[in-house]
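A quick write-up on the structure given underneath.
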Amino acid sequence: MFIYTVQSGDNLNLLSRRFGIPANRIAADNALRYPNNLVVGQNLVIMSNSMRYTLQEGQTLYSVAQEFGVPLETLLEANPNVNPISLQPGEVINIPMESDISRRPAIINGFAYPNITEYALNCALPFMTFLSPFSYSITSQGELIAPDADDLIYRATRSAVMPLMVVTNIYDGSFSTEVLSQILADSEARERLISSIFYELDDKGYYGLNLDMEYISPDDREIYNEFLMEISERLHEAGYILVTAVAPKYRADQQGILYESHDYRVQGEAADYVIIMTYEQGA
């Protein structure tokens with residue numbers, strides 16, 4: 001199994017021939033609602049250990065091995081009938097997509113609305129580390145409004161996937177700069193929020209907290225950093241993990257309300273994992 005990124009001109013029939021997998025299997029494995037409309041930059045799970053590759057002008061087995069990160073010896077073993085000295089453009093070779101190379105294991109988090117279809121969830125759960133039901137929202141007093149996530153938590157734990165409690169500064173249907181600012185400025189509201197989080201963590205059986213605070217006022221950058229460090233320490237003392245979600249920044253001083261209050265250094269110190277939300281960054 002590996003992840004393939006859709007390129008210009010790709011379609012399921014072409015990928016089917018390339019990977020030796022039926023097109024409808026690729027569609028099913030990826031829960032593609034519109035299988036005939038692949039998007040450039042879209043990632044697909046390919047349930048295969050190899051792909052067929054057509055050599056281009058000037059390519060050698062060594063250059064292909066370098067391009068795909070496969071040891072040359074492995075590439076030679078996978079193509080015993082190919083003469084590496086007399087390769088021809090248009091010649092098709094097999095490229096193993098898995099090897100004995102030690103790789104860092106992927107940690108996969110998935111956000112899910114309570115109304116996610118059973119089919120989509122069942123397709124995704126086997127590949128996931130964390131499931132993050134979306135989401136708890138807040139009031140200006142630091143109280144939580146819970147999602148209907150009991151079934152998602154149950155299905156995650158049944159599949160050996162760790163559920164994370166997602167808390168956002170969503171108020172009245174959208175992310176609220178003002179409500180979060182009020183909570184951060186009020187020590188009683190902050191403590192009420194933290195206490196409510198710990199109650200839900202324990203009551204629902206979450207593995208940890210996924211904190212998705214967006215559109216934070218730049219004036220609240222430092223107090224939000226203090227909040228992160230405080231809740232991180234208390235979570236770790238209680239045996240929970242902290243995950244944060246941040247907007248993608250190109251530089252530390254990037255302007256804009258989505259970016260200015262997300263201090264990457266502090267986020268990295270406080271959180272066990274950081275999710276960079278690149279939803280708008282696809283081609």
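Within the stretch 156-167, residues that are under 24 Å from residue 193 (Cβ atoms) reach partners that are open to solvent by less than 10 Å² (accessible area, probe 1.4 Å) and among the β-branched types (Val, Ile, Thr) with beta carbons closer than 8 Å, at six or more positions or on different chains, in the pairs 164/243; 165/197; 167/138; 167/197.
Inclusion of residue 216 among residues that are outside any strand (DSSP E or B), more than 25 Å from the chain's Cα centre (by Cα) and of a type in the set (A, V, I, L, M) is not warranted. Within the stretch 69-82, being part of a loop (DSSP other than H, G, I, E, B) and either open to solvent by less than 30 Å² (accessible area, probe 1.4 Å) or in contact with an Asp or Glu (Cβ under 6 Å, 6 or more places away or on another chain) (or both) holds for 70, 79, 82.
Taken as a whole, the structure leaves residue 201 outside the set of residues that are under 18 Å from residue 146 (Cα atoms), aliphatic (A, V, I, L, M) and touching a residue at least 40 places away in the same chain (Cβ under 8 Å). The residues of the stretch 180-213 that are part of a loop (DSSP other than H, G, I, E, B), within 30 Å of residue 159 (Cα to Cα) and open to solvent by 20 Å² or more (accessible area, probe 1.4 Å), listed by number, are 205, 207.
Taken together, the criteria exclude residue 95 from residues that are in a loop (DSSP other than H, G, I, E, B) and either of a type in the set (A, V, I, L, M) or under 22 Å from residue 26 (Cα atoms) (or both). From the list 85, 116, 107, the lone residue that is assigned to a loop (DSSP other than H, G, I, E, B), open to solvent by 30 Å² or more (accessible area, probe 1.4 Å) and touching a strand residue (DSSP E or B) at 6+ places or on another chain (Cβ under 8 Å) is 107. Considering the stretch 1-68, the qualifying helices (runs of 4 or more DSSP H), each wholly inside and each with 2 or more residues that are farther than 21 Å from residue 120 by Cα and open to solvent by less than 60 Å² (accessible area, probe 1.4 Å), run over 12-19, 61-68. Listed by first and then second residue, the pairs linking a residue in the stretch 240-255 that is at negative phi and of a type in the set (Phe, Trp, Tyr) to a residue that is surrounded by 10 or more Cβ atoms within 10 Å (Cβ to Cβ) and in a strand (DSSP E or B), with Cβ atoms under 7 Å apart and 6 or more places separating them unless they lie on different chains, are 240/208; 240/209.
All conditions in (1) within 30 Å of residue 222 (Cβ to Cβ); (2) part of a loop (DSSP other than H, G, I, E, B); (3) open to solvent by 30 Å² or more (accessible area, probe 1.4 Å) hold for residue 142, with the sole exception of (3).
Scanning the stretch 166-176 for residues that are under 25 Å from the mean Cα position of the chain (by Cα) and farther than 11 Å from residue 131 by Cβ yields 167, 168, 169, 170, 171, 173, 174, 175, 176.
Considering only the stretch 215-222, I want to know if a residue exists there that is within 23 Å of residue 106 (Cβ to Cβ), touching a residue at least 24 places away in the same chain (Cβ under 8 Å), crowded, with 16+ Cβ neighbours inside 10 Å and among the small types (Gly, Ala, Ser). No: zero hits. Scanning the stretch 229-262 for residues that are at pLDDT below 95 and among the acidic types (Asp, Glu), we see that the one that is surrounded by the most Cβ atoms within 10 Å (Cβ to Cβ) is 260.
Can you tell me which residues in the stretch 126-136 are under 13 Å from the mean Cα position of the chain (by Cα) and either open to solvent by 40 Å² or more (accessible area, probe 1.4 Å) or modelled with pLDDT under 90 (or both)?
127
Residues in the stretch 243-257 that are touching a strand residue (DSSP E or B) at 6+ places or on another chain (Cβ under 9 Å) and more than 13 Å from residue 229 (Cα to Cα): how many? The qualifying residues number 5. Pairing residues of the stretch 80-104 that are of a type in the set (Val, Ile, Thr) with residues that are open to solvent by 50 Å² or more (accessible area, probe 1.4 Å) and modelled with pLDDT under 85, at Cβ distances under 8 Å and at least 6 apart in sequence or on separate chains, gives 92/52; 93/52; 95/52; 95/68.
The values are calculated or read from the model by the stated rules, or taken from the named source; none is laboratory data. Being a predicted model, the structure only gives us computed values, none of them experimental. Reconstructed Cβ throughout: ideal geometry from the backbone, glycine too, with neighbour counts over all protein chains shown. Only protein heavy atoms, including side chains, enter the accessible area calculation; ligands, DNA and RNA are left aside. Shrake-Rupley method; radii C 1.70, N 1.55, O 1.52, S 1.80 Å.
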